[in-house]
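Participant: Here it is, the structure in full.
The values are calculated or read from the model by the stated rules, or taken from the named source; none is laboratory data. The model shown is predicted, which means the values in this text are computed figures rather than measured ones. Positions of Cβ are generated from backbone atoms using ideal geometry, with glycine treated the same way; all protein chains shown enter the neighbour counts.
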Amino acid sequence: MKKIIYKLLLSSIVSFFLFSCEEGERFSGSPEGNLEIVTLDATISSPTTFALTNQKMPFTVTLPRTFADTVKVEVTSISNRGRRTRAYVEVLPNQLQASEEINAAGGALFNTDFNMFISAIELYSVEKGKHYLIKSNTLVIESGNTTIPDVTTGRLTVKFTWPEIVSTGNVNNLGLVIDRPDPVSNAIINGFTSGESGKLHFINDLSTGTNSSTNSFNDGTYLFSVRPILLESSPKDFPYRIVLVYPDEKVEVYQGVLTGLTLNTLTQPFFKIEKIRNPDGSVTYIPTKL
């Protein structure tokens, strides 16, 4: 008797399943087969062509159509080592574009690059019967492994670095020499700042104070040169990078190549910073790659 009951019960379950799940019908919760899948072909643009790790980059998202309500768009940057950063921007009703900033994914080598693209979209008001996906072009942004120094109030931070630099035990060590405005003597930076893979110098907004190898106060022209302290071979060429961090958190990066360096020989100036005192007492810094 029990066997007959089990068979009847099993037969009822199978019949219900066959009746409830017709051919082509899905019951997994997936939008596929239940909703119309619409893939938007969007565009991302940015004026940035180079950015270090976590450096802020502006971007603009352009959608191919407008929506009646706000939509949120996700932008991703990813390095060749897999480091990801994400940012979100809201595109308002009946608008096609919106702009925001994202922290750069950066890279693990002195000269490298990373990708940035639109990765997702969310509708605040769902359109009945439709599910939206999104794709875009991919921007390739040049980058490097140089870290950005912290912002310091009331002074410009200048960082000088080159490939394969470490805080101790360098086979190549470049002393940074800064010709400061008269009557101050040159700033000579042979050592490394603790925790920094590079040579740091600070130009203070104030025009009074005690100048040292790490700090300057005078208004005027600062000329940057290099005197090699250690070289694994001579003459030798060095790619270099100068990172400027302003008191207002703005970051600028300058790059170039120092050619034919020889031991203990001072190069010609390769970089310049003008510190200008404005009539209202504020300071303007004007950097120039020479």
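Participant: Just for strands (runs of 3 or more DSSP E) wholly inside the range 136-224: which have at least 1 residues that are within 30 Å of the chain's Cα centre (by Cα) and among the charged types (D, E, K, R)?
Facilitator: Numbers: elements: 139-143, 155-161, 173-179, 187-189, 199-204.
Hits in the range 136-224: 139-143, 155-161, 199-204.
Participant: Another question, then. List the number of the failed condition for residue 201; all other conditions in (1) surrounded by 18 or more Cβ atoms within 10 Å (Cβ to Cβ); (2) farther than 28 Å from residue 47 by Cβ; (3) out of contact with any Ser or Thr (no Cβ under 7 Å at 6 or more places or on another chain) hold.
Facilitator: The failed condition is (3).
Participant: Can you tell me which of 201, 131 is touching a residue at least 12 places away in the same chain (Cβ under 8 Å) and assigned by TED's automatic domain parsing to the domain that holds residue 274? Show your work before the answer.
Facilitator: Numbers: 131 fails: assigned by TED's automatic domain parsing to the domain that holds residue 274.
The conditions single out 201.
Participant: Then there is this: Looking at the range 250-273, which of its residues are of a type outside the set (Gly, Ala, Ser), closer than 28 Å to residue 104 by Cβ, in a strand (DSSP E or B) and in contact (Cβ under 8 Å) with a residue 24 or more places away in the chain? Reasoning before the result, please.
Facilitator: We begin by selecting, within the range 250-273, every residue of a type outside the set (Gly, Ala, Ser); these are 250-255, 257-259, 261-273.
Right, trim to closer than 28 Å to residue 104 by Cβ and you get 250-255, 257-258, 270-273.
The next check asks that each one be in a strand (DSSP E or B); those that pass are 251-255, 257-258, 271-273.
Within the range 250-273, 251, 252, 253, 254, 255, 258, 271, 272, 273 qualify.
Participant: When you go through 229, 286, 242 one by one, which is the residue that is at pLDDT below 95 and not in a loop (DSSP other than H, G, I, E, B)?
Facilitator: Numbers: 286 fails: at pLDDT below 95; 242 fails: at pLDDT below 95.
None of the others qualify; the one that does is 229.
Participant: Let me ask another. Could you list all residues from the range 143-173 that are surrounded by fewer than 16 Cβ atoms within 10 Å (Cβ to Cβ) and in contact with a strand residue (DSSP E or B) (Cβ under 8 Å, 6 or more places away or on another chain)? I'd like the intermediate steps shown before the answer.
Facilitator: Our first condition is that a residue be surrounded by fewer than 16 Cβ atoms within 10 Å (Cβ to Cβ); within the range 143-173, this holds for 150-154, 163-164, 166-169, 171.
Result: 150, 151, 152, 154, 163, 171.
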